[in-house]
Amino acid sequence: MKIDQQHPNGTIMNAVKTYNELTNDEKAAMTFKKGYTIEDYDNYRIRRNRKNEIISAEGRALSAKGNFKDFAEREKFEAEHPAGPNIVDAMNVLYGKGKQKAEAVANYRASGIDEKQVETVFNPVRKSNLLDAYLEQQNTTRYQVAKQSGIAETTLMNAAKKSRAIDINTKIIIAIAKTLQKEPGDVLNELIMTEAHRDEAGDQE
């Protein structure tokens with residue numbers, strides 16, 4: 001295991017693991033390309049908050065061959081198939097209905113993951129506002145984002161008034177990503193999941 005970030009309380013918040021190092025809840029939260037199984041990867045990126053709750057778990061580096069005879073065959077398959085279970089699928093498993101939920105469940109099952117495992121991994125987040133709820137999960141604050149990224153605190157204060165992830169300005173996403181040493185797309189996905197949990201919990205203070 002390669003540890004990239006660890007909280008002072010001992011919680012490993014950002015790490016790269018091999019398959020044998022994964023816990024059951026990490027396997028349940030895993031996302032990867034459609035058509036692959038969890039065993040097709042050499043390692044995985046696991047992110048947790050300071051309370052040791054999973055933020056994201058995803059296949060990181062594919063093995064040399066996986067289910068394919070060579071890299072060319074694998075690349076052709078990737079070009080013909082969209083990404084498999086992702087943050088939207090997880091939301092639809094948790095909160096979707098009818099066909100929407102059925103398709104998300106099918107995506108997980110095709111990847112070897114039971115939807116009940118997904119449901120047990122994600123717990124509702126109940127905080128005062130979306131931005132601060134997310135930052136607390138990441139063990140940081142608006143002040144730290146402003147200090148490390150150079151963005152104005154007043155800009156962050158205005159962003160904290162937004163109740164939907166999609167309404168948070170791109171420069172805010174980039175500033176947070178810089179502070180957390182993540183990709184902006186990962187930050188947006190995690191904000192969307194945090195939003196979904198808050199909506200389900202009915203916490204719109």
Can you name the number of the only condition in (1) without any contact (Cβ under 8 Å) to a residue 40 or more places away in the chain; (2) out of contact with any Leu (no Cβ under 8 Å at 6 or more places or on another chain) that residue 180 fails?
(1)
The correct count of residues that are among the β-branched types (Val, Ile, Thr) and either open to solvent by 40 Å² or more (accessible area, probe 1.4 Å) or over 19 Å from residue 62 (Cα atoms) (or both) in segment 1-50 is 6
Looking at (1) open to solvent by 20 Å² or more (accessible area, probe 1.4 Å); (2) modelled with pLDDT of 90 or more, which is the only condition residue 116 fails?
(2)
If I ask for residues that are small (Gly, Ala, Ser), at pLDDT 90 or above and surrounded by fewer than 16 Cβ atoms within 10 Å (Cβ to Cβ), which ones from segment 146-184 would you list?
150, 152
Considering only residues that are in contact with a helix residue (DSSP H, G or I) (Cβ under 6 Å, 6 or more places away or on another chain) and acidic (Asp, Glu), which ones fall in segment 12-63?
25
What is the residue count in segment 119-132 for residues that are at pLDDT 85 or above and among the hydrophobic types (A, V, I, L, M, F, W, C)?
2
Can you pull out every residue in segment 136-145 that is outside any helix (DSSP H, G or I) and open to solvent by 70 Å² or more (accessible area, probe 1.4 Å)?
none
Please name all residue pairs, on different chains or six or more residues apart, with Cβ atoms under 7 Å, provided the first residue is in segment 148-175 and is in contact (Cβ under 8 Å) with a residue 12 or more places away in the chain and the second residue is open to solvent by less than 90 Å² (accessible area, probe 1.4 Å) and of a type in the set (Asp, Glu).
160/132; 164/195; 165/195
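The values are calculated or read from the model by the stated rules, or taken from the named source; none is laboratory data. All values derive from a computational prediction rather than experimental measurement. Positions of Cβ are generated from backbone atoms using ideal geometry, with glycine treated the same way; all protein chains shown enter the neighbour counts. Only protein heavy atoms, including side chains, enter the accessible area calculation; ligands, DNA and RNA are left aside. Shrake-Rupley method; radii C 1.70, N 1.55, O 1.52, S 1.80 Å.
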